Amino acid sequence: MNAPTTSAIAERMSATGTANALELRNVSKFFGALAAMEDISLSVRPGERRAVLGSNGAGKTTLFNCVTGDFLPTSGTIRFFGEDVSAFPAHERIRRGLRRTYQISLLFSGLTVIDNIYLACVGVSRERFSFLRARRDDALMASAEDLIRLVHLEDATHTPVAELSYGQQRQLEIAMALSGAPRFILFDEPAAGLSPTERRELIDILTGLPGHMGFIIIEHDMDVALRVAESVTMMHNGRIFKEGKPAEIEDDPEVQALYLGGGDDG
Amino acid sequence: MAVEDTRLTATRRTEARWIERIPLAYWVLGLALLMMPAFANDFVLYQIFGWTFILGMIALSLMFLAGYGGMVSLLQMSLAALAGYMVAIFGTSAIETISMGWPWYVSIPLALLVTVLFATICGWLAVRTEGIYTIMITLAIASAFFYFTRQNYVVFNGFSGFNGVLPPDLFGVDWRGPKAFYYLTLFWATVSYLAVRYVSKAPFGLALQGVRDNPRRMAALGYNVTAHRVAAYAFAALIAGVAGILLTWQSAQVSPGTAGIGPVVDILVIAVIGGLRRPIGPFIGALIYVLLKTFAVDVLISLGLAGERFQLLIGIGFLVIVFWSPDGILGLWDRWKENRGRDPLTGERRER
Ligand SMILES: Nc1ncnc2c1ncn2[C@@H]1O[C@H](COP(=O)(O)OP(=O)(O)O)[C@@H](O)[C@H]1O
Ligand SMILES: [Mg+2]
């Protein structure tokens with residue numbers, strides 16, 4: 001084992017920009033005897049946009065849950081911009097610039113749209129414990145309003161979330177993931193259930209993100225995935241099955257047999 | 001840009017006239033409470049309203065934890081008693097061997113500090129549990145506090161506790177005079193009520209409600225869920241602590257019985273009867289409780305029944321409320337208003 005000082009120096013050196021945004025080494029997650037994710041090793045560069053494909057139950061959402069700390073992996077290490085975050089609670093990872101959306105929207109249904117986004121902005125600020133209400137010129141409130149504009153929810157600003165359409169709720173999820181200064185975002189099937197128009201808006205938002213903001217997107221719709229991502233990871237039965245450029249993956253006979261077979265109807 | 005501008009002016013207008021947005025009912029209630037000493041006799045001022053405001057504050061501290069934080073704590077009465085004990089110990093009482101006799105500006109802040117610290121430790125233990133287990137662990141701490149104070153003679157003076165615990169003669173006022181005590185308790189009840197209302201919409205309060213509804217999501221937004229819950233215990237303890245000091249001054253004494261299992265559970269009953277969803281609920285519950293506790297005995301005896309049955313009356317009232325309206329009296333009121341706004345035939349909402 002390394003002496004603490006050596007590893008601390010290595011930690012700092014690797015955190016100074018050369019490190020990968022996300023680095024998973026031999027990460028596994030077992031639910032009882034079920035291996036939802038087995039021996040996953042994965043590297044994503046800063047600013048890289050990666051699509052994760054795979055059938056239902058392949059372990060994609062489990063991968064996200066382990067990365068964000070929603071639950072701890074059974075084994076393996078996770079590094080975020082060089083820092084070993086494997087044992088960090090979720091909020092510590094989020095405060096370091098990691099963000100996510102949920103496949104099934106997790107929103108505060110009793111609160112309004114603006115309050116949901118405001119909560120997201122406060123969560124990654126220093127005002128989490130503030131006993132003072134937001135003033136009219138509050139910077140966090142202003143950034144919440146910017147995010148509302150970004151996802152085209154202006155007209156629903158003061159609508160309780162419970163009254164939003166499904167598509168609007170998905171957009172709100174994305175706005176909340178963009179709060180503060182994200183360095184890397186995990187999108188869990190953001191396009192599922194959206195109308196074609198909403199899908200186009202989503203693609204615009206994703207391609208319009210600043211270049212340094214890398215992300216992983218889980219997406220069943222190849223059209224969406226391949227338009228926003230520059231690399232693809234295929235998962236199957238909790239393992240990584242193939243990695244490559246979108247074109248390679250699309251043309252790969254094994255992938256076609258497994259995943260795209262008869263998939264033209266989308 | 002144009003849209004932006006109109007919206008900004010709209011906010012400015014509502015902010016400039018916030019005083020006009022206070023509903024008429026609040027003006028009426030506020031005025032009635034301020035004028036009360038002109039009509040009510042000393043007993044009503046001191047015993048009925050003074051006690052109502054104090055119990056209302058303690059129940060309010062529970063309402064804050066339960067309503068906004070989803071944590072039902074049976075600890076609040078013990079925290080109030082602890083604050084009372086601390087002013088007796090740090091300040092003056094008839095038990096001169098124990099009381100340190102420090103001036104009020106030392107003893108009161110110190111008492112509140114000890115109370116908040118104790119609540120923080122208990123909160124830290126309790127927030128790891130949920131639902132019925134939170135109730136059980138806080139009840140366990142409350143009973144431990146009761147038995148400890150009863151058996152410890154060195155610090156808590158055991159069974160008899162402390163008497164002769166009096167408020168300071170600040171501004172030359174006898175604060176135990178009925179009118180002065182009425183205004184003193186009214187003032188602190190109002191401050192607590194407004195503080196809870198204000199904080200509920202501040203980042204801390206909003207986040208607490210987020211933690212109540214979806215802790216996992218809050219963690220994924222960067223919140224330390226445990227720390228937030230513990231901080232809620234600390235804030236609530238401040239309110240309970242102030243109330244506890246007032247309670248101690250009211251009867252000039254504090255003893256293990258102040259936070260016996262009965263009073264501990266009564267706080268829960270008060271909060272539930274009034275309603276846990278809004279900060280006014282606990283005060284309504286407290287008024288009902290105090291009225292029952294004060295007059296039910298006489299009513300029962302005049303009906304030829306045993307006076308002790310008033311506990312039964314409170315119990316039945318509790319059952320009825322829990323059964324008919326889980327949101328307490330306030331819930332009944334809401335439903336009545338809702339129904340009034342509907343057309344009785346079609347059930348449709350009427351346009352106003
Ligand atoms: N919390 C959980 N408890 C038990 N099993 C789970 C849990 N979450 C996921 N699983 C199981 O792990 C496997 C992978 O699930 P998931 O990661 O959600 O797949 P995907 O997102 O690729 O559809 C599935 O078999 C699923 O049933
Ligand atoms: Mg999934």
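Of note:
- Length gained on full extension, A:THR159 to A:LEU34, computed as 0.36 nm times the residue gap minus the Cα-Cα distance: 40.8 nm.
- For region A:34-149, Kirkwood radius (reciprocal of mean inverse C-alpha pair distance, Å): 16.6 Å
- When B:ILE89, A:ILE240 are compared by accessible area of protein heavy atoms, the largest-first order is A:ILE240, B:ILE89, using a 1.4 Å probe.
- Within chain B, the whole DSSP H helices whose Cα atoms reach 24 Å or more along their own axis and whose mean Kyte-Doolittle score is at least 1.0 are B:104-126, B:132-151, B:225-251, B:281-302.
- Using a probe of 1.4 angstrom and keeping all protein chains present, the accessible surface of chain B works out to 50 square angstrom per residue.
- Relative to the current alpha-carbon distance between A:GLU92 and A:PHE131, full extension at 0.36 nm per residue lengthens the span by 11.8 nm.
- Which listed pairs, of A:LYS29/A:LYS245; B:LYS201/B:LYS337; B:LYS179/B:LYS201; A:LYS60/B:LYS201, have C-alpha distances above 30 Å, in listed order: B:LYS179/B:LYS201; A:LYS60/B:LYS201
- For region B:24-62 and region B:136-168, distance of Cα centres in Å: 28 Å
- Residues listed by number, region B:67-103, amide nitrogen under 16 Å from B:TYR153 label point at 7 Å toward C-beta: B:95-99
- Heavy-atom accessible area with a 1.4 Å probe sorts A:HIS220, A:HIS212, largest first, into A:HIS212, A:HIS220.
- Residues listed by number, region B:122-163, amide nitrogen under 12 Å from B:ILE98 label point at 7 Å toward C-beta: B:148-163
- Considering only beta bridges that DSSP places wholly inside the protein assembly as shown, some 60 percent are antiparallel.
- Cα gyration tensor shape of the protein assembly as shown, rounded if a/c is under 1.5, else prolate or oblate by comparing a/b with b/c: prolate
- Normalised by the number of residues in chain B, the average gap of Cα pairs under 8 Å and 6 or more apart makes the relative contact order 26 percent.
- For A:VAL52, nonlocal amide neighbours, meaning residues 5 or more places apart or on other chains whose placed amide H falls under 5 Å from its own, are A:ILE217, A:ILE218, A:GLU219, A:THR233.
- Taking Cα centre as origin and charging only the Cβ of basic (Lys, Arg, +1) and acidic (Asp, Glu, -1) residues, the dipole magnitude of chain A rounds to 1060 debye.
- Solvent accessible area, Å² - B:SER143, 1.4 Å probe, full protein context: 30 Å²
- Surface accessible to a 1.4 Å probe, per residue, for the residues of chain A, Å²: 46 Å²
- Seen through its C-alpha gyration tensor, with square-root eigenvalues sorted a ≥ b ≥ c, region B:98-242 comes out oblate because a/c lies at 1.5 or above while a/b is not bigger than b/c.
- The distance from the alpha carbon centre of region B:225-274 to that of region A:239-253 is 63 Å, rounded to a whole number.
- Gyration tensor verdict on chain A (Cα atoms; rounded if a/c is under 1.5, prolate if a/b is larger than b/c, oblate otherwise): oblate
- Chain A, relative contact order [Cα under 8 Å, separation at least 6], %: 25 percent
- At most 14 other Cβ within 10 Å, DSSP loop - chymotrypsin sites (Phe, Trp or Tyr not before Pro), region A:60-133: A:PHE71, A:PHE131
The values are calculated or read from the model by the stated rules, or taken from the named source; none is laboratory data. Source: prediction; values computed, not measured. FYI the Cβ positions are ideal-geometry reconstructions off the backbone, even for glycines, and counts take in every protein chain you see. The accessibility values were calculated without ligands, DNA or RNA, using every heavy atom of the protein model including side chains. Shrake-Rupley method; radii C 1.70, N 1.55, O 1.52, S 1.80 Å.
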